[in-house]
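As structure tokens, the structure follows; a few thoughts come after it.
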Amino acid sequence: MKHWMFRCKDVSQKFSESLDRKLPLHERMFIRMHQLMCRYCARFRRQLLLLRELSRSDKFVGMRQELSSGLSLEARERIKASLKAR
Amino acid sequence: MDDASLINPDDWVDQYGDTLFRFAFQRVRDTNVAEELVQETFLAAVRAKERFKGQSSEKTWLFGILKHKIIDHYRRKKHQRSDMNVEDFAETTDQFFSENGKWRIQPINWDINPVEAYEQKEFMDAFYQCLSQMPQRLADAFVHREVDGLSTEEICKVMEITASNCWVMLYRARMLLRRCIETNWTQI
């Protein structure tokens, strides 16, 4: 059985995990070395970093806001009535 | 001046209703549930208005209440959907690799600059659509982590899952999302 650092499937999972917690130094080095040798894993890395950068930008939040509509008229009236009833 | 007098519930629905609704809808993706959460938020705020200290804006205060309501919603939903677990999506990521662990469906070079990504409407449309179409639980994990920036610990609490399940779900969400974008982005 090959070491996990030679398997793209394992490296991709480890790299994703590295975005959510700090991996031990040797694991980070294995991942980086693999990504230097494997262009597909290097692409995968760039893709995930791009998705993170875009997701966290104010523009993305704004875009998602624009695509959702507001409260319906019915809900608006219902909520107002419930507030008045209190 | 009494801090509680700073707030005016009569204007809340017109002033903040749409913003709160959109915030809730993006997370729960159900119009009725989002409306209920907004209503619960306003009612909870009325009950708690004496405790409003005026240290944050009225809007920030209401958003804080809404966030708690959304977390409560996820907790309730978790109990209703105990049949859904992390293994449900195992096949979806296995399909990308051959038996020896090499890529079977190889990632494509996106050749896109983060600064210019927002100018590329097709890419952003694909991104948004793919996120909307993802299995809800995976999309929830992705949004908590990447959009809202919650830590693993916070996501575990909100979704009531273990840390290792959280990492696996995030991996599967990212795999599905990037592949969906590749399939739907017309520039590739």
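Just so you know, all these numbers are worked out from the coordinates, no wet-lab data involved. Note that the coordinates shown come from a computational prediction; the quantities given were computed from them, not determined experimentally. Cβ atoms come from the backbone with ideal geometry, glycine included; neighbour counts cover every protein chain shown.
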- Task: Would you please give the FRET efficiency between B:Ser164 and B:Glu50, computed as 1/(1 + (r/R0)^6) with r the Cβ-Cβ distance and R0 = 45 Å, to the nearest 0.05?
- Result: 0.55
- Relative to the longest principal Cα axis of chain B, at what angle does helix B:9-28 sit, 0 to 90 degrees, rounded to 10? 20
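Pop the C-beta distance of B:Asp10 and B:Arg76 into the FRET formula with R0 = 25 Å and round what comes out to the nearest 0.05.
Details: r = 30 Å, r/R0 = 1.20.
Calculated value: 0.25.
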- To the nearest 10 degrees, the tilt of helix B:58-80 (Cα long axis) against the first principal axis of the alpha carbons of chain B is 50
- Could you name the lysines whose alpha carbon sits less than 26 Å from that of B:Lys59, not counting residues in the same chain fewer than 8 places away? A:Lys59, A:Lys80, A:Lys84, B:Lys49, B:Lys67, B:Lys69, B:Lys157
- Item | Where no second cysteine Cβ lies under 4.7 Å, the cysteines concerned in chain A | A:Cys8
- Query: Per Stokes-Einstein, at 20 °C and 1.002 mPa s, what whole-number D in µm² s⁻¹ belongs to the protein assembly as shown, with the Kirkwood radius over Cα pairs as the hydrodynamic radius?
  - Reply: 104
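List every DSSP H helix in chain A whose Cα atoms extend 27 Å or more along the helix's own long axis and whose mean Kyte-Doolittle hydropathy is at least 1.6. Mind showing how you got there, number by number?
On the way: long enough: none.
TM-like helix candidates: nothing returned.
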